[in-house]
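Asker: If you scroll down you'll find the structure; I have some questions about it.
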Amino acid sequence: MQPLTPRYISPKERAENRARWIRFGYGVAVAIPATFAVMMFGYSDQAPGWLRSLTVAFDGALGFPVMGLIQKIMT
């Protein structure tokens with residue numbers, strides 16, 4: 001059986017992969033807090049009715065993690 005040789009990764013491909021991971025990291029770092037902030041606003045009195053109902057439905061589908069956090073903050 002012949003030994004397995006690692007695949008050659010060119011510097012261009014390595015840079016593209018690194019840029020792809022950085023772009024993914026920035027997306028996660030922005031999207032998750034932004035979604036969380038919109039959901040926190042959805043539970044406030046100042047949010048429109050459609051956003052409140054959408055927030056409750058989405059939070060309920062996830063098991064109410066935002067509502068649980070709000071309750072922990074308030075107590």
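Asker: I'd like the FRET efficiency for residue 38 and residue 75, computed as 1/(1 + (r/R0)^6) with the beta carbon distance as r and R0 of 25 Å, rounded to 0.05. Write out the running numbers ahead of the final one.
Answerer: Working: r = 23 Å, r/R0 = 0.93.
With R0 = 25 Å, the Cβ-Cβ based efficiency is 0.60.
Asker: Now for a separate question. So what's the back-of-envelope 222 nm ellipticity for the chain, counting only DSSP H runs of four-plus at -39500 (n - 2.57) apiece and dividing by all residues, rounded to 500? Don't skip to the answer; put the middle values down first.
Answerer: On the way: 3 runs with 55 residues, N = 75.
Dividing the helical sum by the residues of the chain leaves -25000 deg cm²/dmol.
Asker: Could you point to the label whose value was computed as Cα Rg over 2.2 N^0.38 Å for the structure here, given [x] 1.88; [y] 1.60; [z] 1.10?
Answerer: [x]
Asker: Label-point separation (nm) for residue 17 and residue 58, each offset 7 Å from Cα along Cα-to-Cβ?
Answerer: For residue 17 paired with residue 58, the spin-label model returns 3.4 nm.
Asker: Also, I was wondering about something else. Between residue 5 and residue 50, 0.36 nm times their residue separation minus their Cα-Cα distance comes to what?
Answerer: On the way: separation 45, 0.36 × 45 = 16.20 nm, distance 5.77 nm.
Once the chain is fully extended between residue 5 and residue 50, it gains 10.4 nm.
Asker: In whole percent, how big is the carbon plus sulfur part of the accessible area of the chain, probe 1.4 Å, protein atoms only? Don't skip to the answer; put the middle values down first.
Answerer: Numbers: 4460 of 6440 Å².
About 69 percent, which is the carbon plus sulfur part of the accessible surface.
The values are calculated or read from the model by the stated rules, or taken from the named source; none is laboratory data. Small disclaimer: the values here were computed from a predicted structure and weren't measured. Virtual Cβ from ideal backbone geometry, glycine too; neighbours counted across all protein chains shown. Ligands, DNA and RNA are stripped out before the accessible areas are found, and what is left, the full protein with its side chains, is counted by its heavy atoms. Shrake-Rupley method; radii C 1.70, N 1.55, O 1.52, S 1.80 Å.
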